[in-house]
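Notes for the one structure printed next.
Here, each number is a calculation from the coordinates, and none is a lab measurement. Source: prediction; values computed, not measured. No Cβ is skipped: glycine too gets one built from the backbone with ideal geometry, and neighbour counts run over all protein chains shown.
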């Protein structure tokens, strides 16, 4: 769908067309964008055939795999010759390159992160070679310490989206949790860490090659709990362009801050013994201080009108109810597990047995809006999120608690 329109359920915004076009124009190329085409071989064949005489390179995105609905490689093969179909990389394996009437046709994958990783590497390399220019060493020649241990398929090059920061003693690449289809990954990352084939494990702190997505290096990294309002606050303060947000959850954010990989960690970690937030966790790290933030209302959300007659968190045990959980390490997940453990104790059941009976306990999403969207779209019946997210998606809810959303800051 056009990004200017309202996103319908089951649809996605057209990110690749605009992003790849903008990227190629940043290389001082003359680029025309033909828009979205239907999955029709005849239409695609006509478009490529009519474009070949007018352009030096034709670039498509999507439909490059080998499934029934994937038509790009078949059309290229019909009009000319497929040179390459499939790369030993992740993501971006289904990339296709062919020749039609002595002109290159490059088919990028459909997932945004996959398409972007191939655009800034393979497509950039092709453009530079055709233009007779050397790719700037500042684009490919950076080495950085990786901020976490990574295991990969030994037979492929792995491209990991990262936030590249300069910590004074050198560059650090902080990996971003992602899926190839996530558009938000491309908004947060400013580089790729490249781990070459033949390597299975890269330990935390090891040096890796880095490919830049953009030249801006952030002045501050906010890594920790996801919050909708925080980004609005930073934006209104006029410093959004100088910051990078990495949502990894409260626990992971606090650990990263203590290691010096970030600057601020938003956290909301409930201590089950004292029933207080954050203080006990921060005291474990001598190089971290806690700054008071603001309170957020956690709610048990369900669809408008309460069609399942949800009365409380105890309803997660019902066989006709599907739960959507938060990711491990998030502050909300800590709260959920504490609450579920209390319910289990009250009915004489172990936590493990109790959670094994919950439909959806292992169904995890990484944000409050992810919880709300899953419920609104019918993929779940109830879940725990902040009130703002529930109201944003038109959900009904039962208030659970006010949590303290504070900021852990590295003393340096």
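Just a few scattered comments:
- Per the Kirkwood formula applied to alpha carbons, region 262-356 shows a radius of gyration over Rh ratio, Rg over Rh, of 1.03.
- Calculated diffusion of region 16-131, Stokes-Einstein form, Kirkwood radius summed over Cα pairs, 10 °C and 1.306 mPa s, µm²/s: 113 µm²/s
- Each peptide in 312-324, 374-386 receives the mean, over its residues, of other Cβ atoms within 10 Å, and ordering these scores from highest gives 374-386, 312-324.
- Mean projection area, nm², convex hull over Cα of region 182-311: 12.7 nm²
- Dividing the alpha-carbon radius of gyration of region 2-49 by the rule-of-thumb value 2.2 N^0.38 Å gives 1.37.
- In the chain, helices alone account for a calculated mean residue ellipticity at 222 nm of -7500 deg cm²/dmol, with every DSSP H run of four or more residues adding -39,500 (n - 2.57).
- Hydrodynamic radius (Kirkwood) for region 73-194, which is based on Cα pairs only, to one decimal in Å: 15.9 Å
- Packing, taken as the mean count of other beta carbons within 10 Å per residue, orders the peptides 231-238, 85-92 from highest to lowest as 85-92, 231-238.
- For residue 388 and residue 341, the difference between the fully extended length at 0.36 nm per residue and the C-alpha to C-alpha distance is 14.3 nm.
- Cα-Cα P(r), region 246-286, percent of pairs per 10 Å interval: 31, 55, 15
- One chain, two ends: residue 13 and residue 39. Fully extended at 0.36 nm per residue, the span grows by 7.7 nm beyond their Cα-Cα distance.
- Placing a label point 7 Å from the Cα of residue 398 along the Cα-to-Cβ direction, the residues of region 274-316 whose backbone N falls under 11 Å from that point are 300-302, 309-316.
- Helix 41-52 axis, angle to the chain major axis (alpha carbon atoms, nearest 10°): 60 degrees
- Between helix 16-26 and the chain: long-axis angle, C-alpha atoms, 0 to 90°, nearest 10: 60 degrees
- Here region 218-412 is treated as a sphere whose radius is the Kirkwood value from Cα pairs; by Stokes-Einstein at 25 °C and 0.890 mPa s it diffuses with a coefficient of 142 µm²/s.
- With contacts taken as Cα pairs under 8 Å and at least 6 residues apart, the chain reaches a relative contact order of 12 percent.
- Antiparallel bridge percentage (DSSP; both residues within region 218-412; nearest 5): 70 percent
- Nearest-ten-degree value, helix 331-346 long axis tilted from longest Cα axis of the chain: 40 degrees
- Stokes-Einstein D in µm²/s, Kirkwood radius over Cα pairs - the chain at 4 °C with 1.567 mPa s viscosity: 55 µm²/s
- For the pair residue 31 and residue 183 in one chain, pulling the backbone fully straight at 0.36 nm per residue adds 52.5 nm over the alpha carbon distance.
- Sorted peptide list for 72-80, 399-407, criterion being average Cβ within 10 angstrom, highest first: 72-80, 399-407
- Region 186-226 and region 22-56: distance between their alpha carbon centers, rounded to Å: 31 Å
- Calculated over region 136-217: convex hull of Cα atoms, volume per residue (Å³): 94 Å³
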